[in-house]
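Colleague: Provided herewith is a single structure, encoded as structure tokens, for subsequent inquiry.
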Amino acid sequence: VQYFGYISMVIIKLTGGLGSQMSQYAYAKALATRGYEVKIDPSQLKFYKLHDFELFRYNIDLKLSTKKENDRFQKSNFITNILNNCFTDHIVKRILNKARINTYTSQVIKEKNHLFNKAFMEVNEDSYIIGDFKSERYFKDIRNILLEQFTIKNKPSNYLREMELKIIRSNNSCFIHVRRGDFARNKKVFKVHGVCGADYYQSAAEYMHSHVKDVEFFVFSNDLDWCKQNLNIENSTFMENKDRRSPHEDIRLMSLCQHSIIDHSAFCWWGAWLNQNEDKIVVAPTRWFSNEQFQKESEDIYCEHWVKK
């Protein structure tokens, strides 16, 4: 549909690290398969200190929105809010129609919490959407498409080749992901997420030992020194790379493991979700957020049959 020279479309804002970007893209792709004209907006990522636009490393096919397309929604939302504060809804419609401005049909929509919201599957065809979309319920129906698109398109590094072979040759592999870094050192981030302690990983490893014979663990972390000092888990390989770590390669390696012990980050969530072992066991922390309100909204983040510890 075209409004005053503009083609109506849905734009999804990208925020956060690679795991968050994958969730937002997965939701966007699900909308595209439902017939929407969808683009993704990575423009805000240039202001992040920790994260860049990482999705380009995958075989994705949604286009990036332009500055002009993004600005239309921002200006539209700004003008409409001003008019709504000054006039009644009926008068606002008359003003916009007389001015021949299509700001009323365009809208900026924000996800209010982390629970699955069916309303996001039937949105206005001219919308700018902001959210995390952490639940697989937004995109579970297109799993096969995402398995194809979240494949690495560039030449693999020597580290990736070497560790792929090691994991594949292990019949009963299980990855352990330990996110600390910003989760542990940044006070604002810590108040929201917190960190999983050694007790959680020990309990999860014991559970895995009791259900998987001769399990071999592969430990991924942005703080391997802490892991070596605090995790006393037998038959473990610490995933160390002499070169710069590549997030997309780590997700690839995690997805190759037969089973998963994840923490409360979107990054390792995708490592577990992309695992194609039909008999996989995924252990996740019972507490996903340290923030009490967010924790109340966390139930849809877990996938069916995941084990909480």
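The values are calculated or read from the model by the stated rules, or taken from the named source; none is laboratory data. Keep in mind that this is a model prediction, so the values were computed, not measured. Note that each Cβ is placed from the backbone with ideal geometry, even for glycine, and that neighbours are counted across all protein chains shown. Areas reflect the complete protein model, heavy atoms only, side chains present, ligands, DNA and RNA absent. Shrake-Rupley method; radii C 1.70, N 1.55, O 1.52, S 1.80 Å.
Colleague: Show which lysines lie in cross-link reach of Lys213 when reach means a straight Cα distance below 23 angstrom and same-chain residues fewer than eight apart are skipped.
Modeller: Lys166, Lys280, Lys308, Lys309
Colleague: Can you work out the FRET efficiency for the pair Arg34 and Leu64, with r the C-beta to C-beta distance and R0 = 22 Å, to the nearest 0.05? Kindly include the intermediate steps, with their values, before the conclusion.
Modeller: Working: r = 20 Å, r/R0 = 0.92.
It comes out at approximately 0.60.
Colleague: Here's a follow-up. Can you tell me the convex hull volume per residue for segment 256-309, based on C-alpha atoms, in Å³ to the nearest whole number?
Modeller: 71 Å³
Colleague: Follow-up question, since we're still on this one. Taking 0.36 nm per residue of sequence separation and subtracting the Cα-Cα distance, how much length would be gained by fully extending the chain between Leu115 and Lys228, in nm to one decimal? Write down the numbers at each step before the final one.
Modeller: Values: separation 113, 0.36 × 113 = 40.68 nm, distance 3.54 nm.
Here the segment from Leu115 to Lys228 would lengthen by 37.1 nm.
Colleague: Can you give the FRET efficiency for Ala198 and Gln276, using 1/(1 + (r/R0)^6), R0 = 30 Å, r = Cβ-Cβ distance, to the nearest 0.05?
Modeller: Numbers: r = 30 Å, r/R0 = 1.00.
The computed FRET efficiency comes out at 0.50.
Colleague: Give me the accessible area per residue for segment 160-309, probe 1.4 Å, as a whole number in Å².
Modeller: Values: 7560 Å² over 150 residues.
Result: 50 Å² per residue.
Colleague: Could you list which residues have their amide H under 5 Å from that of Asp41, counting only those 5 or more apart in sequence or on another chain, with H placed in the peptide plane?
Modeller: Ile12, Lys13, Leu14, Ser65
Colleague: Determine ³J(HN,Hα), in whole Hz, for all residues of segment 222-234 in sequence, where each value follows from phi through the Karplus function 6.51 cos²θ - 1.76 cosθ + 1.60 and θ = phi - 60°; x replaces Gly and Pro.
Modeller: With coefficients 6.51, -1.76 and 1.60, one gets 8, 8, 5, 4, 4, 4, 5, 7, 10, 9, 9, 10, 5 Hz.
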